[in-house]
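Single-structure report; data block below.
The values are calculated or read from the model by the stated rules, or taken from the named source; none is laboratory data. Everything numeric here is computed off the predicted structure, so don't read it as measured data. Note that each Cβ is placed from the backbone with ideal geometry, even for glycine, and that neighbours are counted across all protein chains shown.
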Amino acid sequence: MSNPELMHPTDELKKEHVSVLELLREITALTATEQLSSATEWVDSFDRACIFLQTDVARHFEKEEKALFPVLAKYVGNQTGPVAVMLQEHEQHQALLSQLCAAVQSRDWGSVRSAWNPFAQLLGLHIMKEDSVLFPMAERLMNAEERTEVHNKMEAINRSIEIPMS
């Protein structure tokens, strides 16, 4: 995003959601396959998924929590309402991701499948809420100065993490 005046910071976050949703679809299809317990396909896919979720999605959450949510909370608060719900879901996501990646490391297909479904459901619904409620609200409420502030903080977060985006 080169000019914060032309784009809203939520545009970058929405674009990142597309990659996450693609991964959710791919892995959900893989978990529906019955014959992969001895194949390396699921190991490679889930290893890659855990890395992506622990790096790129963690960075995405950081941008929301440290850049967007504080500005949005000026308008809607952060103790109740949409920002509070998103923060709570980020915590739930982290707990479920830990369970998922532990199951992946153990190479226990049944545990991986069991851990995947609640994780994917929560993250998919979370993205839907952000895209349909939270981001449009932010786009309506934030002024140009706030958009620039959020953009600059998001760019700093992008630069601070040395792991390349997938």
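Some points to look at:
Rundown of residues vs (1) at negative phi; (2) surrounded by 14 or more Cβ atoms within 10 Å (Cβ to Cβ), yes/no style:
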{"position": "Phe61", "(1), (2)": "yes, yes"}
{"position": "Phe69", "(1), (2)": "yes, yes"}
{"position": "Gly77", "(1), (2)": "no, no"}
{"position": "Pro82", "(1), (2)": "yes, yes"}
{"position": "Glu91", "(1), (2)": "yes, no"}
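- Every pair of residues 6+ apart whose Cβ atoms lie under 7 Å, when the first sits in the stretch 86-105 and is within 24 Å of Leu13 (Cα to Cα) while the second is at pLDDT below 95 and loosely packed, with under 15 Cβ neighbours inside 10 Å: Leu96/Pro118
- For the stretch 97-153, taking the residues that are of a type in the set (Ser, Thr, Tyr) and over 19 Å from Val85 (Cα atoms), the one that is nearest to the chain's Cα centre (by Cα) is identified as Ser98.
- Index of the failed condition, Thr33 passing every other in (1) modelled with pLDDT under 90; (2) surrounded by 14 or more Cβ atoms within 10 Å (Cβ to Cβ): (2)
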